[in-house]
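The values are calculated or read from the model by the stated rules, or taken from the named source; none is laboratory data. Given the structure is predicted, the values throughout are model-derived calculations rather than measurements. Here the Cβ is made from the backbone with ideal geometry for all residues, glycine too, and neighbour counts use every protein chain on show. To get the accessible areas, we keep the full protein, side chains included, count just its heavy atoms, and leave off ligands, DNA and RNA. Shrake-Rupley method; radii C 1.70, N 1.55, O 1.52, S 1.80 Å.
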Amino acid sequence: MADESVKTEALQIIGMFQVLPKLVVFDLDYTLWPFYCECRSKREMPSLYPHAKGILYALKDKGIDLAIASRSPTPDIAKTFIDKLGIGSMFVAQEIFSSWTHKTEHFQRIHSRTGVPFKSMLFFDDEDRNIETVSKMGVTSILVGNGVNLGALRQGLSNYSQNVNKIEKNKKRWTKYTQNSTSSEKSE
């Protein structure tokens, strides 16, 4: 599928949702591209998964910011590949560094840099441990099997929308509860 047709289909998927994330964060290795950076040479020409570029462009077209959170031990190679692929300017934050924190530090830095609350972020990664840890921060997180694709995008936006709706319902319940407890205190 060519980038343009993937972008068109991604725009249609995005258009199905009323509530969208403010920021979508991607891992690199086995999420945007099908390899580990540390196993490659800077001299090589990298490639993205077939749907990746079209999805990135569709999200940008809809005004959704993009970021990278990668635990690559070779950030120099990762950044070289991002530049060779011509996608570097698409990202408002690129947190690429080796870490044992399962990306919590990456997300703290992304939050500090962008000001976007964790609950307004959507994250794609290929490792369970990162998904689990980042989800606990309040980020809607999606595990990808063979890279980011249109199915993962649809699932991510659907889960994000459901999470936002749960938050809103809980806010309404809390507001109702506090109003009821305040009014019962006044009547005493």
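Observations
- Residue satisfying all of: in region 99-134; of a type in the set (Ser, Thr, Tyr) and touching a residue at least 12 places away in the same chain (Cβ under 8 Å); nearest to Lys62 (Cα to Cα) among these: Ser120
- In region 56-115, the residue that is most open to solvent (accessible area, probe 1.4 Å) out of those that are of a type in the set (Asp, Glu) and over 18 Å from Lys136 (Cα atoms) is Asp83.
- Scanning region 67-81 for residues that are basic (Lys, Arg) and either in a strand (DSSP E or B) or touching a strand residue (DSSP E or B) at 6+ places or on another chain (Cβ under 7 Å) (or both) turns up just one, Lys79.
- Within this structure, Lys186 passes the test of being at pLDDT below 95 and open to solvent by 20 Å² or more (accessible area, probe 1.4 Å).
- When each of Ser47, Ser41, Ser98 is tested for being in contact with a Ser or Thr (Cβ under 8 Å, 6 or more places away or on another chain), of a type in the set (S, T, N, Q) and assigned to a loop (DSSP other than H, G, I, E, B), the lone residue that passes is Ser98.
- If you check Ser70, Ser98, Ser89, Ser112 for being modelled with pLDDT under 95 and of a type in the set (Ser, Thr, Tyr), only one passes: Ser98.
- For region 39-55, residues that are of a type in the set (Lys, Arg) and buried (at least 16 other Cβ atoms within 10 Å of the Cβ) total 2.
- Residue, farthest from Tyr57 (Cα to Cα), within region 1-38, restricted to residues that are open to solvent by 10 Å² or more (accessible area, probe 1.4 Å), assigned to a loop (DSSP other than H, G, I, E, B) and among the aliphatic types (A, V, I, L, M): Val19
- Region 62-82 residues that are over 14 Å from Leu32 (Cα atoms), paired with ones that are among the β-branched types (Val, Ile, Thr) (beta carbon under 7 Å, 6 or more apart): Lys62/Ile14; Ile64/Val24; Asp65/Val92; Asp65/Thr114; Pro75/Ile96
- Scan of region 1-53 for residues that are over 21 Å from Val139 (Cβ atoms), under 16 Å from the mean Cα position of the chain (by Cα) and of a type outside the set (Phe, Trp, Tyr), ordered by number: His51, Lys53
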